[in-house]
Amino acid sequence: MHYIPFLVSALLSGFLLQPGAWGADAYPQRAVRLIIPYPPGGAGDIVGRMLSAKLTEALGQQVVVDNRGGGGQIIATEITAKAPADGYTLFLASATHGINPGLRRGKLPYDSIRDFAPITLVAESPLVFIAHPSLGVGSIKELVAQAKARPGRINYASSGPGTGGHLSVEMLKFQTGIDLVHVPYKGAGPALVDLVGGQVQMMCTSPLPAMPHVKAGRLRALGMTSAKRSRAAPEVPTVAEQGLPGYESSLWYAMLAPAATPQAVIKRVHAETVKIVKSPELAGQLLSQGAEPVGNSPQELARFIKTEIDRWTRVITQANIRIE
């Protein structure tokens with residue numbers, strides 16, 4: 001019966017090698033993939049790369065950024081939902097995760113709540129309306145006036161159909177009755193390149209990649225979408241204070257994983273991510289560019305996402321917003 005100790009040893013070794021069998025201290029054993037639903041250059045990519053560098057240090061294994069832009073972020077989200085739930089795939093979701101269920105009812109290849117394990121809300125940020133100087137407007141009031149004088153003659157870029165920037169412009173259109181032409185891109189990075197180059201006239205996006213262009217004089221800031229002025233750019237008035245009381249929209253970034261990811265892994269990634277988000281270095285970087293660091297619990301994030309889905313579904317229904 002000499003084979004019995006060998007059999008027990010083999011079974012035990014096999015168990016220890018199974019995903020989720022190790023404790024949080026033993027994770028990770030190899031590189032971790034962080035899927036970002038944008039091409040390089042946009043706000044989500046900036047936040048994701050900040051996080052990946054710090055998580056690499058904290059976890060002791062490389063956290064590799066995997067940019068999967070396009071498809072209104074559905075491509076990246078579906079890849080995450082269908083990835084092995086072993087802790088080696090993480091996802092930096094954005095406000096679009098809360099928008100798509102209402103915008104694409106019954107057409108998503110995943111369930112935005114059931115197919116994901118919430119980890120933490122990383123940061124929230126207002127958006128900023130920006131325009132190329134050639135458009136000749138310097139405020140939301142001037143934009144609305146020109147759009148009413150030239151219906152259908154002004155275009156706006158977005159980082160894709162159903163993104164926060166797209167929906168924020170659609171809300172402005174609904175509340176003011178103006179007609180603007182949507183030009184969707186696969187991410188804020190390429191959209192900003194064309195805006196700075198004058199190929200498109202305006203857009204609504206995160207202050208993170210936009211404000212450096214404003215400060216350099218390449219673009220003009222028209223208004224912030226937050227309820228109060230941003231600490232990063234207090235000189236830029238809100239949309240609400242320019243004759244549209246109650247107008248408010250925001251971007252957010254959250255860390256998710258596939259639904260069945262082991263709790264030990266969720267706890268480890270949560271602890272390290274919150275520590276990073278609340279560190280003076282990263283918090284300072286986020287605040288300096290208009291984003292508020294958060295770092296809440298998985299339970300709080302789950303409630304937040306549910307609230308966002310409900311809120312945006314109401315907005316989309318009331319404004320009759322549709323994908324072109």
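Please treat every number below as a calculation from the coordinates, not as lab data. All of these numbers come straight from a predicted model, not from anything done at the bench. No Cβ is skipped: glycine too gets one built from the backbone with ideal geometry, and neighbour counts run over all protein chains shown.
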Query raised in the report: Hey, any idea what the orientation-averaged projected area of the convex hull of region 269-324's Cα atoms comes to, in nm²?
Result: 5.7
Query raised in the report: Counting only residues 5 or more places away or on other chains, whose amide H sits under 5 Å from the amide H of residue 70 once H atoms are built in the peptide plane?
Result: none
Query raised in the report: For residue 320 and residue 29, what is the calculated FRET efficiency with R₀ set at 45 Å and r taken between the beta-carbons, to the nearest 0.05?
Result: 0.35
Requested in this report: Of the options 284, 71, 315, report the single residue whose Cα projects farthest towards the positive end of the charge dipole of the chain (beta-carbon charges: Lys, Arg +1; Asp, Glu -1).
Outcome: 315
Query - Share of pairwise Cα separations in region 38-99, more than 16 Å, in percent - result: 47
Query raised in the report: Quick one: if you stick a label point 7 Å off each Cα along the C-beta vector at residue 75 and residue 148, how many nm between them?
Result: 4.0
**Report entry** Rounded to the nearest 20 debye, dipole of the chain from Cβ charges on Lys, Arg, Asp, Glu
**Finding:** 440
Requested in this report: Could you pull out every residue, at least 5 positions away or on a different chain, whose amide H is within less than 5 Å of the one on residue 296? Hs are placed 1.01 Å off N in the peptide plane, and Pro or chain starts have none.
Outcome: 121
Query raised in the report: Tell me, in nm to one decimal, what length is gained between residue 311 and residue 241 on full extension, where the rule is 0.36 nm per residue of separation less the Cα-Cα distance?
Result: 23.0 nm
Report summary line: Of all C-alpha pairs within region 30-155, those more than 24 angstrom apart amount in percent to 43
Report task. Extending each Cα 7 Å along its Cβ direction at residue 155 and residue 216, get the distance between those two points in nm, one decimal. Result -> 2.3
Query - Cα gyration tensor category, rounded, prolate or oblate, for region 172-251 with a/c compared to 1.5 - result: oblate
Query - Protection proxy ranking, peptides 92-102, 192-202, average beta carbon neighbours within 10 Å, highest first - result: 92-102, 192-202
Report summary line: Interchain or sequence-distant (5+) residues whose placed amide H lies within less than 5 Å of the amide H of residue 35 are 66, 90, 91, 92
Report task. Between residue 174 and residue 278, take the C-beta separation as r, use R0 = 41 Å, and let me know the FRET efficiency to the nearest 0.05. Result -> 0.65
Query raised in the report: Which value, in debye to the nearest 20, gives the size of the charge dipole of region 178-324 about its Cα centre, when Lys and Arg are +1 and Asp and Glu are -1 at the Cβ?
Result: 300
Report summary line: Among beta bridges assigned by DSSP with both residues in the chain, the antiparallel ones amount in percent, to the nearest 5, to 60
**Report entry** Cα-centre dipole for region 124-257 with unit charges at Cβ (Lys and Arg positive, Asp and Glu negative), debye to 20
**Finding:** 240
Report task. Could you work out the equivalent-ellipsoid semi-axes for the chain, taking the square root of 5 times each eigenvalue of the Cα gyration tensor, largest first, in whole Å? Result -> 41, 20, 16
Report task. Between residue 107 and residue 299, take the C-beta separation as r, use R0 = 25 Å, and let me know the FRET efficiency to the nearest 0.05. Result -> 0.30
**Report entry** Rg and Dmax [Cα atoms of region 239-301; Å; Rg one decimal, Dmax integer]
**Finding:** 15.7, 50
Query - Sum of -39500 (n - 2.57) over DSSP H runs of 4+, divided by residues of the chain (222 nm, nearest 500) - result: -13000 deg cm²/dmol
